[in-house]
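The following block contains the structure, expressed as structure tokens.
The values are calculated or read from the model by the stated rules, or taken from the named source; none is laboratory data. As the structure is a computational prediction, the values presented were derived from the model and not from experiment. Please note: Cβ atoms are built from the backbone with ideal geometry, for glycine as well, and neighbour counts cover all protein chains shown.
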Amino acid sequence: MGRGFEEVSHTADVALRIWGRDLAELFINAARGLAWLMADPDTVQPTVAVPLELTAYDAETLLVSWLGELLYRNERDGTLFTTFEIEEITPTHLRGVAKGGPAQEIRQPIKAVTFSDLAIRRAERGLEVTVVFDV
Amino acid sequence: MAEKKDFRRVDRFIWELPKEAREDMRVPARLFADAELLDAAFRDRTVDQLINTTTLPGIVRYAMAMPDFHQGYGFPIGGVAAMRTDTGVISPGGVGYDINCGIRLLGTYLEQEEIAPYLQDLTTVLYRACPSGVGGKGRVRVSGRELDELVTQGARWALKRGLARPEDLAHTEEEGCMPGADPSQVSPRAKERGRPQVGSLGAGNHFLEIDVVEEIYDPEVADAFGLRENQVVVQIHCGSRGFGHQVCDDYVKGLQETVRKYGIQLPDRELVCAPIDSPEGRAYYGAMACAVNYAFVNRQVLAMGVREAFEQVLAGKVHNFDLFQIYDVAHNIAKFEEHEVDGRRMRLCVHRKGATRAFGPGLPQVPEDYREVGQPVLVPGSMGTASYVLVGTRRAMDLSWGSTCHGAGRVMSRHKARKKIWGADLRREMEEQGIVVRAGSNKGLAEEAPAAYKDVSRVVEVVHGAGLACKVARLRPLAVIKG
């Protein structure tokens with residue numbers, strides 16, 4: 001399915017354009033993009049698997065919660081999540097597993113996931129969204 | 001999309017976009033800039049974001065951007081907007097994630113030559129004394145109950161713990177304690193993130209710097225602030241760490257539904273808000289005030305770390321190693337303030353996002369010993385370049401709700417800066433200029449390279465020329481510590 005994300009320019013912060021065939025692929029690519037921004041995912045040995053279940057007001061809020069959850073756990077435990085499985089997803093609910101391990105070097109510390117112009121849109125390649133991260 | 005030609009020059013440094021420019025604007029938009037800085041506004045989304053800000057319910061007069069403006073999220077950085085308290089809204093997107101990110105300036109009794117032999121050692125000890133990095137643990141660990149007291153009492157908590165002096169509080173915006181803090185409106189996760197981080201710098205553009213006063217522009221005001229030429233001073237730039245980030249995150253998410261409940265139409269979801277006079281608006285204010293207080297304590301604890309480091313390295317070697325507090329200002333905040341609107345005093349909720357309060361002389365909010373001259377305004381430049389101390393003006397009260405710029409303002413993305421600039425080269429260049437550098441990573445240094453920012457002197461000339469604040473002193477870095 002290719003990389004599923006690319007970095008786009010933002011004056012002060014960092015932003016990723018993310019795409020996927022469906023909501024599950026979009027969410028997985030977004031999480032992989034976040035890991036790629038923060039560190040070299042190839043240096044991470046997945047030694048931890050964390051089950052996650054989230055509910056939110058709508059799909060965009062769910063996406064912010066999903067990425068925010070991974071960031072929070074990175075700050076708390078030092079785990080960089082690089083591999084993801086989504087078992088069930090609707091625009092307001094997600095159940096899945098995130099796998100990861102300690103990263104050798106954090107190349108880009110990320111502080112928060114913003115709602116800046118956040119909108120999941122239908123596109124040629126399925127769904128597309130641009131996420132701005134506060135750094 | 002608004003273009004440069006749509007802006008009307010209303011004064012030498014003020015450019016106004018009439019509210020007719022976009023259908024959903026409630027008030028005009030104003031940019032403070034000279035011709036060159038104005039061009040920068042059209043190279044990113046600054047103007048769109050400023051126009052978006054004009055659409056917020058209850059906004060009074062204009063949405064404004066200070067001359068260090070650049071694209072942010074929600075409000076542009078450098079954004080200032082005041083809302084009526086009866087019909088207006090409060091917006092976490094108008095404050096930002098790093099609530100009460102701000103600057104503290106400490107003065108010394110030392111001249112540059114006196115610390116020169118000890119500068120390397122001093123910088124190393126400071127680097128250890130002031131922990132950095134995103135998840136970096138702070139100098140002080142607090143229990144859950146202590147954290148509730150800390151965020152309610154702000155700098156007064158630090159005073160009780162022996163981590164502040166009474167005169168530090170007197171020289172802090174709000175005396176280091178924002179009223180109305182309500183820890184019951186803060187999530188357990190924010191508290192969990194906040195507990196281990198009290199007294200830490202964090203990452204990104206946060207820094208600690210030893211500077212020398214290179215030039216005095218206004219000797220009378222400089223004297224009132226305790227500044228003199230060739231004096232060594234210290235700047236601390238940081239905010240409310242994971243605590244403030246989580247508060248913002250919780251409310252930006254939580255208020256998405258609230259916006260619909262109150263029928264508020266928004267052009268950008270990051271501008272999410274709640275009526276000031278609503279349970280949701282009061283809850284955000286109560287939580288935000290906690291984060292404001294957390295940040296005041298954070299900088300206070302770091303200031304005590306700086307004092308300890310100076311003592312450790314300089315005791316017995318210089319005549320006086322002590323540091324006194326000149327001032328501490330917030331640059332990401334929403335506050336209730338009284339201002340004059342059409343000849344009437346009015347209570348407003350002033351949002352400053354990447355903007356500094358710059359109250360003029362005579363106001364009770366200005367510390368007593370500065371009241372005759374006005375409030376000190378601290379404007380750090382980009383890393384390795386100049387910083388400025390300014391003073392608030394009466395004119396700023398009329399023009400910008402008593403607000404001015406907060407720094408140089410970015411012009412280049414971090415991504416581009418990392419690609420274009422080698423951190424190692426930058427480190428060498430700074431060291432060749434005699435600046436001592438301690439940084440977590442060269443990549444982090446590259447992102448904060450001066451080339452990624454506007455020229456702070458140009459920004460300061462605009463605020464000085466527009467009368468938003470007046471120049472008092474310029475600082476030059478001797479040592480830079482970065483997360």
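Got a sec? Which of B:48, B:68, B:39 is charged (D, E, K, R), outside any helix (DSSP H, G or I) and farther than 26 Å from residue B:344 by Cα?
B:68
Look at residue B:124 and say whether it is surrounded by fewer than 24 Cβ atoms within 10 Å (Cβ to Cβ) and closer than 25 Å to residue B:355 by Cα.
No, not satisfied.
While we're here: For the range A:1-35, give me each residue that is within 14 Å of another protein chain (Cβ to nearest Cβ), over 16 Å from residue A:114 (Cα atoms) and crowded, with 19+ Cβ neighbours inside 10 Å.
If the condition is that a residue be within 14 Å of another protein chain (Cβ to nearest Cβ), over 16 Å from residue A:114 (Cα atoms) and crowded, with 19+ Cβ neighbours inside 10 Å, then A:5 is the only one that fits.
Every residue in the range B:287-334 that is surrounded by 24 or more Cβ atoms within 10 Å (Cβ to Cβ) and assigned to a loop (DSSP other than H, G, I, E, B), please.
Answer for the range B:287-334, where residues must be surrounded by 24 or more Cβ atoms within 10 Å (Cβ to Cβ) and assigned to a loop (DSSP other than H, G, I, E, B): just B:331.
Quickly run through the range B:335-354 and pick out the residues that are surrounded by fewer than 24 Cβ atoms within 10 Å (Cβ to Cβ) and not in a strand (DSSP E or B).
B:342, B:343
I've got another one for you. How about the range B:388-483: which helices (runs of 4 or more DSSP H) wholly inside it have at least 3 residues that are touching a Leu at 6+ places or on another chain (Cβ under 9 Å) and at pLDDT 95 or above?
B:394-400, B:456-466
Here is a further query. Among the residues in the range A:101-112, are any free of Cβ contacts under 8 Å to residues at least 24 places away in the same chain and farther than 28 Å from residue B:49 by Cβ? Even if it seems obvious, please write down each step before you answer.
First pass over the range A:101-112, keeping only residues free of Cβ contacts under 8 Å to residues at least 24 places away in the same chain: none.
For the range A:101-112, residues free of Cβ contacts under 8 Å to residues at least 24 places away in the same chain and farther than 28 Å from residue B:49 by Cβ: absent.
Kindly provide the set of residues from the range A:96-133 that are within 12 Å of chain B (Cβ to nearest Cβ), charged (D, E, K, R) and either under 21 Å from residue B:254 (Cβ atoms) or part of a strand (DSSP E or B) (or both), ordered by number.
Correct list: A:111, A:117.
Any chance the range A:65-73 includes a residue that's in contact (Cβ under 8 Å) with a residue 40 or more places away in the chain, over 23 Å from residue B:248 (Cβ atoms) and of a type outside the set (Val, Ile, Thr)?
The answer is no, given that none of the residues of the range A:65-73 is in contact (Cβ under 8 Å) with a residue 40 or more places away in the chain, over 23 Å from residue B:248 (Cβ atoms) and of a type outside the set (Val, Ile, Thr).
Need pairs with beta-carbon distance below 9 Å; first residue at the interface with another protein chain (Cβ under 7 Å from one of its Cβ atoms) and farther than 15 Å from residue B:402 by Cβ and within the range B:70-87, second in a strand (DSSP E or B) and aromatic (Phe, Trp, Tyr); sequence gap 6+ or separate chains.
That search, which allows pairs on different chains as well, returns B:77/B:69.
Right, next: Can you tell me which residue within the range B:18-64, out of those that are of a type in the set (S, T, N, Q) and out of contact with any strand residue (DSSP E or B) (no Cβ under 6 Å at 6 or more places or on another chain), is surrounded by the most Cβ atoms within 10 Å (Cβ to Cβ)?
B:52
While we're on this one: Can you tell me which residue within the range B:416-437, out of those that are surrounded by 18 or more Cβ atoms within 10 Å (Cβ to Cβ) and more than 14 Å from every other protein chain (Cβ to nearest Cβ), is farthest from residue A:105 (Cα to Cα)?
Here the answer is B:435.
Would you please name the residue that is farthest from the chain's Cα centre (by Cα), looking only at residues in the range B:401-415 that are more than 7 Å from chain A (Cβ to nearest Cβ) and more than 18 Å from residue B:384 (Cβ to Cβ)?
Only one residue fits best here, namely B:401.
When only residues in the range B:262-279 that are out of contact with any Leu (no Cβ under 9 Å at 6 or more places or on another chain) and touching a residue at least 40 places away in the same chain (Cβ under 8 Å) count, which is nearest to the other protein chains (Cβ to nearest Cβ)?
Once the filter is applied, the top-ranked residue is B:267.
Which helices (runs of 4 or more DSSP H) sit wholly inside the range B:155-203 and have at least 3 residues that are in contact (Cβ under 8 Å) with a residue 40 or more places away in the chain and crowded, with 20+ Cβ neighbours inside 10 Å? Step through it out loud before you land on a result.
On the way: elements: B:155-160, B:166-170, B:188-194.
By residue number, B:155-160, B:188-194.
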